[in-house]
Amino acid sequence: QVQLMESGGDLVQPGGSLRLSCAASGSIFSISAMAWYRQAPGKERELVARIPRGGTTDYSNSVKGRFTITRDNAKNTVYLQMNSLKPEDTADYYCNAWISREGRAMNYWGQGTQVTVSS
């Protein structure tokens, strides 16, 4: 019933920018932590950025200073602003969220959106 829907992935040149969006829909009481992960071909999925509802944001060292994670609680949406993109940022990007519904919290994943950084 609950779904995370990602958008914004695209082909972009090195040094360019993209903004990823992830909107949660369904029967939701509240969303606690939201995060972005990515998985490059042949590699394990890794945490890119995380934003608790009322806590401090956390970033992977490889993206710190270039990426910014934000959220709009009224829209149940999390964003990832990606600047100064590098070829090594090429990966499938996944949204993740802890969502409370029917009295308990559950973890959800989006379907992934592809980001390709190439000239």
Taking θ = phi - 60°, what integer Hz values does the Karplus form 6.51 cos²θ - 1.76 cosθ + 1.60 yield along segment 61-76, in sequence order, with x for Gly and Pro? 4, 6, 10, 4, x, 10, 10, 9, 9, 9, 9, 10, 5, 5, 9, 6
For Cα pairs less than 8 Å apart in space and 6+ apart in sequence, what is the mean separation divided by the residue count of segment 1-88, i.e. the relative contact order in percent? 32
Potential extension, THR70-TRP109 segment - 0.36 nm per residue separation minus Cα distance: 12.3 nm
Counting Lys and Arg as +1 and Asp and Glu as -1, what is the net charge of the other residues whose Cβ lies under 14 Å from the Cβ of GLY42? -1
For the chain, what does the accessible surface come to per residue with a 1.4 Å probe? Please give it in Å². 55
Computing the accessible area with a 1.4 Å probe over protein heavy atoms, can you report the carbon and sulfur percentage for the chain? 45
Computed magnitude of the charge dipole of the chain (debye, nearest 20; Cβ of K, R +1, Cβ of D, E -1): 280
Estimated inter-spin distance, GLU46 and GLN13, nm [label 7 Å along Cα→Cβ]: 2.7
Excluding THR57 itself, what net charge comes from residues whose Cβ is under 11 Å from its Cβ, given Lys and Arg +1 and Asp and Glu -1? +2
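The values are calculated or read from the model by the stated rules, or taken from the named source; none is laboratory data. Predicted model, so just to flag it, every value in this text is computed and none were measured. Note: ideal-geometry Cβ built from the backbone for every residue, glycine included; neighbour counts use all protein chains shown. Note: accessible area is taken over every heavy atom of the protein model, side chains too, but ligands, DNA and RNA are not part of it. Shrake-Rupley method; radii C 1.70, N 1.55, O 1.52, S 1.80 Å.
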